[in-house]
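What follows is a set of notes on a single structure, which appears directly below.
What follows is calculated from the coordinates using simple rules that are stated; it is not laboratory data. Since this is a predicted model, take the numbers as computed values, not measurements. Counting neighbours? That spans all protein chains shown, and the Cβs are built from the backbone with ideal geometry, glycine included.
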Amino acid sequence: MRFNRPQVAYAHDIIMAALSFALALWLRMGADALTLPIEATLLSIALFAAVAAVVFRFVGLYKGIWRYASVNDLKQITKAVTLTVLIFLPIIFLATRAEHVPRSVPLINWSVLLILLGGPRFAYRLFKDGGLDLVFDNAPITRIPVLLLGTGDEAETFIRAMARPRDAAYRVVGVVDDKGGRVGRAIHDVPVLGKLDRLEEIVSTLKRRGRSPQRLIITKPSIDGQQVRDILDRAEHLGLTLSRLPRLTDFKAGEERIRVKPIDLEDLLGRPQNALDRAAMEKLIAGQRVLVTGAGGTIGGELCRQLSQLRPEHLCIIDNSERGLYEITQELSGGDLAISPVLADVRDRIRLNEVFADHRPNLVFHAAALKHVPIVEDHLVEGVLTNAIGTRNVADTSVAFGVRAMVLISTDKAVNPTSVMGASKRVAESYCQAVDLREARRGSGSTPPTRFVTVRFGNVLGSTGSVVPLFQRQLTAGGPITVTDPAMTRFFMTTREAVELVLQASVLGSKADQSAGHIFVLDMGEPVRIVDLAKQMIRLAGKQPDKDIQIVFTGARPGERLNEQLFHEAEPLQATGLEGIRLASPRTTDIEFLSLVLDELQAAAEAGESEKCMDLLRRLVPEYTPYDAAKPAKALAG
């Protein structure tokens with residue numbers, strides 16, 4: 001008969017319980033213990049072992065693994081031993097009136113059993129962690145010496161993990177405290193050497209002592225982009241590679257190797273995480289039938305991922321790209337969520353009606369759009385049909401089927417647009433604002449009004465058509481990296497953060513008491529110069545800008561402008577009560593006028609009349625200043 005490890009551990013602990021009682025008697029009475037009646041002694045030992053057997057199983061001592069015995073295991077052992085002794089006392093009193101058990105024996109027994117149960121577990125862990133090898137084996141250990149930044153739980157976890165296996169990748173030579181409250185103390189014998197502002201002095205001191213670090217590892221789970229950029233500059237000057245730990249929640253229990261990750265653009269451009277009302281987000285989505293257009297795109301895909309975690313009843317995902325739809329479907333499949341992938345185009349109103357009739361969504365997230373400025377500039381008709389007419393189709397269908405709320409994903413390029421993409425997205429914003437105002441005036445009748453939530457933000461890192469994937473490809477090819485203009489700036493946000501704030505804005509905008517026609521604008525932080533972004537990516541690749549990799553300026557492309565804006569001057573800001581989300585007051589347009597001109601725009605686009613489409617866009621968006629092809633931006637070299 002083959003026993004598994006928990007069974008062996010269980011048997012070991014029962015034997016230790018019996019042995020502990022005998023040892024407690026011996027420690028209390030010495031050789032006089034042999035004068036006690038053998039029957040009474042054996043009965044006491046048997047009763048104690050029986051009580052221990054029941055308690056140990058009840059407490060759950062055998063869920064843990066000896067290889068990873070920890071303080072939590074010691075707590076469980078202490079609990080089990082205490083309960084065993086407390087339960088044994090009344091039982092032995094009822095059985096024999098504790099006639100042959102000295103009063104101090106239970107207390108001694110408690111201590112002895114704690115040692116007999118905990119000692120073997122921690123000795124086994126020491127053995128498996130190479131403890132004996134470290135004592136008897138004098139072979140040199142080759143590890144990368146590292147300096148940690150941050151003295152929180154993540155640093156403690158990393159130090160402990162690196163102390164276990166003999167073949168660990170890193171040797172921690174010290175810790176830098178970003179605040180200074182723990183300077184002069186130690187974490188598992190690793191000294192906290194000083195504050196971050198003394199980094200250069202700390203590294204110099206370690207070099208003199210022959211403990212020069214090769215890498216600086218950020219252990220803080222959240223740190224803003226400006227801090228990371230400053231630390232990267234200082235680390236490069238000191239000849240240190242900068243890395244960071246994953247989040248503490250990403251560490252696997254008992255994992256011997258914690259892999260540090262290189263600093264990436266999200267770290268350099270990231271901002272402190274805003275406090276989000278996740279309970280309200282889940283309340284909005286849980287149990288609802290949700291539909292997402294453009295689900296195969298960057299924003300649409302991340303929307304699907306985050307929505308799937310909020311327990312919707314059903315998720316309908318729409319895209320006109322077979323490949324994009326397939327990939328997001330494969331990623332979401334395998335759980336309990338009911339998913340319906342639909343190959344459809346928002347430009348097809350009849351098809352949309354079929355989809356809504358089949359799936360009856362309560363909430364709609366409209367992310368489908370053509371977003372690449374130069375391409376849409378060259379394909380004006382396609383941009384109009386997708387961004388303007390497609391949005392109207394989704395909005396009208398949402399109203400027709402009594403959708404609770406429709407969320408439009410918009411862009412900063414819709415503010416004072418200079419491109420067809422921006423102008424067509426501004427038309428989409430205007431239509432959703434106008435329908436929201438109309439629905440609000442209609443009020444509650446047989447069916448509640450459909451709310452329209454427009455969320456505007458800038459670029460997301462790594463999205464389709466953004467500069468980041470382009471720069472990565474150019475870096476891989478050995479350069480040069482092409483930048484349109486040295487003064488060009490853009491707002492950037494991580495995809496995850498953008499979608500989190502979209503969901504938070506959806507909570508605010510879908511409330512019945514929320515004023516109609518407003519636009520929620522995500523706080524994008526400070527704009528980033530594209531040339532600085534290119535230089536940072538070069539440095540992250542371990543190369544020097546304009547030395548190893550050249551940067552070439554090519555001039556602005558059709559429809560592009562140097563700087564983006566998040567608000568129009570006619571959109572006074574209002575507070576939302578949440579950090580990271582601001583509210584733009586509506587610029588209202590009459591719904592009847594919009595509908596008539598949109599009918600003309602659709603007819604012109606379907607007829608391929610580009611010039612008429614351009615005239616109608618100017619009429620719908622008076623502030624639209626089209627790109628002048630006759631005055632191309634001058635190419636620059638450098």
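Tabulated data
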quantity	calculated
Residues Met421, Met29, Met16, Met406, sorted so that the one with the fewest Cβ neighbours within 10 Å comes first	Met29, Met16, Met421, Met406
Added length on full extension, which subtracts the Cα-Cα distance from 0.36 nm per residue, Arg234 to Asp546	110.3 nm
Residues Thr589, Thr157, sorted so that the one with the fewest Cβ neighbours within 10 Å comes first	Thr157, Thr589
Sites Asp189 and Thr78, calculated FRET efficiency, Cβ-Cβ separation with R0 25 Å, nearest 0.05	0.50
Point-to-point label distance, Ile15-Ser595, nm (Cα→Cβ direction, 7 Å offset)	8.6 nm
Linear extension gain, Asp396 paired with Leu470, 0.36 nm per residue minus alpha-carbon span	22.9 nm
Segment Ser333-Arg529, extension gain: residue separation times 0.36 nm, minus the distance between their alpha carbons	66.6 nm
At R0 = 45 Å, FRET efficiency that the Cβ-Cβ distance of Ala487 and Asp197 yields, to 0.05	0.85
Ranked Leu337, Leu315, criterion: other C-beta atoms within 10 Å, fewest first	Leu337, Leu315
Virtual spin-label span in nm between Glu606 and Lys179, 7 Å along Cα→Cβ	6.3 nm
Burial ranking of peptide ranges 148-155, 409-416, 279-286 (average Cβ count within 10 Å, highest at the top)	409-416, 148-155, 279-286
